[in-house]
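See below for the structure under consideration.
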Amino acid sequence: MEFFLVTLLNSLSYGLLLFMLSSGLTLIFSMMGVLNFAHASFYMLGAYFAYQTGLAVGFWPALFLSPLLVGALGALTERYGLRTVHKFGHVAELLFTFGLAYVIEEIVHLIWGRAPVDYRIPAELDFTLFTLYTTQYPAYRGFMMLVSVGMLAALYLGLTRTRIGLVIQASLTHPDMVEALGHNVPRVFMLVFAGGAALAGLAGVIGGNAFITEPGMAVAVGSIVFVVVVFGGMGSLTGAFIASLIIGALQTFSVALDYSMLDLLAKFGVNVSKDSSLHGLWSITISQTAPVMPYLLMVLMLIVRPRGLMGTRES
Amino acid sequence: MSTIITKGRIIFWAAAVLFFALLPFVFTQSFALSMLSQMGIAIIFALSYNMLLGQTGLLSFGHAVYFGLGAFFCAHALNLVGAGKFWFPVTFMPLVGGLAGMFFGLVLGFVTTRRAGTPFAMISLGIAEMVAASALMFTGFFGGEGGIATDRTVGGRLMGISYGPQIQVYYLIAGWCLVCIIGMFAITQTPLGRMANAVRDNPERARFVGYNPTRVRWLMMTLAGFFAGVGGGLAAINYEIVTAETLGVMASGNVVLMAFIGGIGHFWGPIIGAVLVTLLQSALSNYTQAWLLYFGLFFLVIIMFSPGGIANLITLHKPVRQAGRFKRLVPAYSLSGGAGLVMLLGFFGLIEMIYHFETSEAANKAFSFFGLILDPSRAAYWVGTLVVLAAGIAMFYGATRVVKRAWDDITTELQVKGMV
Amino acid sequence: MKRKHALALLLWMVLSSLVATVTAQETIKIAYIEGLSGPFANVGEIGLRHYQIAAEAVNGRGGVLGGMKFEIVPFDSKTNPQEALLVLRQAIDQGIRYIAQGNGSSVALALADGVSKHNARNPEKSVVFLNYAAVDPALTNDKCTFWHFRFDADVDMKMQALTSYMATQKAIKKVYLINQDYSFGQGVAKSARAMLAAKRPDAEIVGDDLHPLGKVKDFSPYVAKIKAAGADSVITGNWGNDLALLVKAGKEAGLKVDYYTYYAGAASVVTAIGEAGVGHVKQVTIWHANIAGKEAADHTVAFRARFPDAKDDLYFATVRTSIEALALGIEKAKTVDAAKVALAMEDLKFMDDSGEVNLRADNHQLIQPLYISTLVRTNGKDVKFDIEKTGLGFRTDARIEGKDTVMPTTCRMQRP
């Protein structure tokens, strides 16, 4: 029971972090049709900016400053990069972000070096929130969840209750009509891109010190975030939310399952000898495959239901 | 068929054969030879990738899977020959890799090619991640961290060819490279190749005229898998070791860069890309640590300003050349070239200064930059580099206007004459 | 007669001056083949500094063979086996006959294989491979070659030392194995199982996890599992972030176990772990800055004086050992001919920071004492030196003598 509850909490906090990353990506994706390869790089920049600004002004101002900085960079990327490439089609846009991710990583190497930086959890949050049976639950994890949920609420209200939110929603589905009504659609695009980047930056601020802030952190989460977005369905925030939680739970819980095909076969009285060429394959346990599981899930989803869990269109 | 085998083409390919044969006499060093071999392999790989991206419109982020699996199968086949299990000439060993690549293209392609566009890109990425992860898990077949080592001389000496010396391996690679280029070029001329273009441009219409787009993509995928596998087999013979990195996501990303930098709109674009990228990666990394940054920026510049790649830049000038007006572009180009050189000098200097400032030991940070000694621990050098960079940018900006004017003049002239 | 005499004199003078210029000017180049760009470049850079200071030390003493100097020539392998083979060829083209590498057994295996093939095909241009950190046991067993010398202890030797120490710790009852899912991690898990069963049959192995290399972001599910299994000790071969994240997640959840690691002291791990690891993170190494004896302290001080940056720290003591061994081999062989030097290096005995060490003739593995140490705060006495200016350093728990780490070998090498 203790294990189950702890794992549930862990999966929840991981899932919520994934959602913070993927919400921005899915917004950008659905609006501009661009799968932003550099999205995870913005996450990384968020962590590094928070580290750097945190050195000067402390964690709490950095929590706001860093996403703003990342958002500004996102706006610049959209205005001077993507918009130039837009006329060459989606492949060029996608490859532009692909190359950008490459360059951002090298620039991070250049400025902060290749070793991890010492970006720490603020002392105010470095205590045990509660103890579940015997396992301590760190306060920072609770804080992460709080920020994610707060962001989810803000995003939801912002998109459904504000004027600009309605314009964004309309631009998603009817860009021409919105343009005709006198709204500046390219500016809306820029805003969405900046907003998405800022969300990723925020995830970086709170994820960077919970895990490790280092130049490989973008690559490490990059493809998982894609999985979430594709799995949840393009352009669907609800889908991304559900997908984040599912994938968080899947990755966390499958770690606990030490069963392999061998055990299953043994149940049916089949014993594979150690010399058999397939022994290696059958003896892989579910927990070993845990981190690969999301990709399998994504491939299956794309084959069965290409628009994803809650998506409305294919691409 | 008579339209395919023309006199011009025969002359062209004969010249290509001669070119490949004579290259080693120009570059005699053994390192140069291994680089040429590497280029040959990269050319096959990049061209096979372009069968997907350029010709069928499938953006794959997992093409190295077929290349890598081909390499592993070829390495195992070589080892089996070495162990005396069966006999097969080393010369045709890349075929084993090709067949393996084709098999996996057939199997995995069945899954992936049911979608096009972004979903295809994502599925290919997912499969690449899965294969890369399993390559590290199954140490039996993939050899774990050490990979599979092999020996290319297992075939013994056949007509004086043992494949021990690099020069013989070079000729093997060059031969296969030519065969593959011709093969892939021939495919573009077949109805299948034409249909692939149709599927790329408009799958609905292709379906309307009676072709199943999924089937066409699948076929192209299988064929691309074959050629990638041949490339992988040659890599196994060339390096005599195959490791999990060969089929990794990095390798898949690399071939995207090669094809795109070269130009996906032309059959021969990826050849330029493969040669250039191999050259950059091998040569540039000897001179600077920052080569990845330069490489990434170069890629971004290509995408932003010449999305058709280098091949497109060349074809743009074709009408001008034919009209004999190229001479008039020379002054403008040399002007902007000179300005660009100043700009690049300033830019490289700046980046190198930052790198040396970050990574060098504190005692002595000075380093040699094109024969100049730069010392990042002193402010004067920073100011100097920035001035050069700023001047370069200003000059280059001015020069681009001159180029644009010259270019516009010529285009209007040609338009008046009806040549464009 | 007189004329003949003069001619001989002249010839002698020319020859001797030639020899003199050769010995005075020619350097012995050592190609340092390591990832100098890309994600692992920081480790490559740090290793390069180790080689530079080691070569400077020999040169400062007057070099070898009465004045020949060592020169380290760095080559970027991009931590990729195939790229490494390419730069090996480049190094050979430049006339370099000694290469050094250590990060990544995949690269080491490729280089060992490449070197032995090259030497078989071009015996007159033989190359010797100094391995300072690649620990795959295969390099000195099934895939051993005459041209390869290893100065670090391999996975099995370290596990031998680790389990010998654990055998004396009666408090250890339940052991959990968690490793990266590739040949190194699998090797650690396998030998931990076998050796623990032999030395501590009463200790139970309550878990054996393999997770993909560098793909796990959040280790808390693994920590929950370790906790649920009731383990009191964790053995892990994890390195880099996989180790730091594991220890951090354990600390967060209040997991109270001792970590028996291979690479806790390696570049940037202590920085990333921080206080979370104090008192609980142990490592098995051939050296650390706080081992007894004046030499280790002197070398640490010298290294810090030469490279004052916090991220540069003396870690690869094997680098200095490899250069010293090469110098001794050259002196013994009285030539720089790689094949003769390799022969001379076999069965070499010499003094190192930790006492007398020797190179095994049968598989070219250096036999040296191993240390088990724990991460603690520096105290100025037995823990004088910290790591990367964190205020945390390692304190020796036990020293395992070299003879107790000798493993049987399957190596059957062919000598030229």
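Readers should treat all values here as calculations from the given coordinates under stated rules, not as data from a laboratory. Only a predicted model underlies this, so the values are computations on that prediction, with no experimental measurement involved. Here the Cβ positions follow ideal geometry from the backbone for every residue, glycine too, while neighbour counts run over all protein chains shown.
About its Cα centre, chain C has a charge dipole of approximately 660 debye under the convention of +1 per Lys or Arg Cβ and -1 per Asp or Glu Cβ, with nothing else charged. Around the Cα centre of region A:23-164, unit charges on the Cβ atoms of Lys, Arg, Asp and Glu (plus for the first two, minus for the last two) sum to a dipole of about 420 debye. Normalising the average separation of contacting C-alpha pairs (under 8 angstrom, six or more residues apart) by the number of residues puts the relative contact order of chain A at 32 percent. Here the calculated FRET efficiency for residue B:286 and residue A:8, from their Cβ-Cβ distance with R0 = 45 Å, stands at 0.25, rounded to the nearest 0.05.
For region A:23-101, the list of trypsin sites (Lys or Arg not before Pro) that fall in a loop by DSSP and count at most 13 other C-beta atoms within 10 angstrom reads A:87. Near residue A:129, the amide H atoms lying under 5 Å from its own belong to A:137, A:139; only residues 5 or more places off or on other chains count, and H is placed 1.01 Å from N. Inter-chain neighbour count for C:71-82: the average number of beta-carbon atoms from partner chains within 10 Å of each residue's beta-carbon is 4.
Taking every residue in A:203-210 and counting other chain Cβ atoms within 10 Å of its Cβ, the average works out to 1.
Using a cutoff of 8 angstrom between alpha carbon atoms and counting only pairs six or more residues apart, the relative contact order for chain B works out to 22 percent. Relative to its Kirkwood radius, the Cα radius of gyration of region A:120-271 gives an Rg/Rh of 1.10. Partner shielding of A:213-223 amounts to 4, given as the average count of beta-carbon atoms from other chains within 10 Å of each residue beta-carbon. Pairs C:170/C:190; C:190/C:332; C:215/C:251; C:170/C:389: which exceed 29 Å Cα-Cα? Distance filter (> 29 Å) returns C:190/C:332; C:170/C:389. Only Cα pairs under 8 Å and 6+ residues apart enter the sum, and on that basis the relative contact order of chain C stands at 15 percent. The convex hull around the C-alpha trace of chain C, projected and averaged over every direction, spans 21.8 square nanometres.
So, in Å, what gap is there between the alpha-carbon centers of region A:49-121 and region B:179-224? Centre-to-centre (Cα) distance: 40 Å.
Among C:145, A:14, B:258, pick out the residue whose Cα is farthest towards the positive end of the charge dipole of the protein assembly as shown, where Lys and Arg carry +1 and Asp and Glu carry -1 on C-beta, about the Cα centre. Of the candidates, B:258 comes out farthest on the positive side.
Taking other C-beta atoms within 10 Å as the exposure proxy, B:352, C:346, A:78, C:124 rank C:124, C:346, B:352, A:78 from fewest upward.
Annotation: peptides C:86-99, B:335-348, ranked by per-residue average of other Cβ atoms within 10 Å with the highest first, follow the order C:86-99, B:335-348. Taking 16 Å as the straight-line reach from the Cα of residue C:403, the aspartates and glutamates in range (excluding those fewer than 8 positions away in the same chain) are C:152, C:154, C:156, C:347, C:352, C:356, C:362. Entry note, chain B: the mean residue ellipticity at 222 nm calculated from DSSP H runs of n ≥ 4, each adding -39500 (n - 2.57), is -24000 deg cm²/dmol after division by the residues and rounding to the nearest 500. Pairs of lysines in chain B whose Cα atoms sit within less than 19 Å of one another amount to 5, provided the residues are eight or more positions apart or on different chains.
Equivalent-ellipsoid semi-axes for region B:31-91 (Cα gyration tensor, √(5λ), whole Å, largest first): 28, 17, 9.
Rounded to the nearest 20, the Cβ-based charge dipole of the protein assembly as shown about its Cα centre (Lys and Arg +1, Asp and Glu -1) stands at 2500 debye. Straight-distance candidates among the lysines for linking to residue C:256, with alpha-carbon spacing under 16 Å and chain neighbours fewer than 8 residues away dropped: C:173, C:174, C:225, C:227, C:248, C:282.
Largest first and in whole Å, give the semi-axes of the protein assembly as shown's equivalent ellipsoid, each being the square root of 5 times a Cα gyration tensor eigenvalue.
Three semi-axes, in Å: 45, 41, 32.
Counting only cysteine Cβ atoms and a cutoff under 4.7 Å, the protein assembly as shown contains unmatched residues B:74, B:177, B:180.
Consider a paramagnetic label point 7 Å from the Cα of residue C:278 along Cα→Cβ; state which residues of region C:388-404 have an amide N under 19 Å from it. Within reach of a label on residue C:278: C:388-397.
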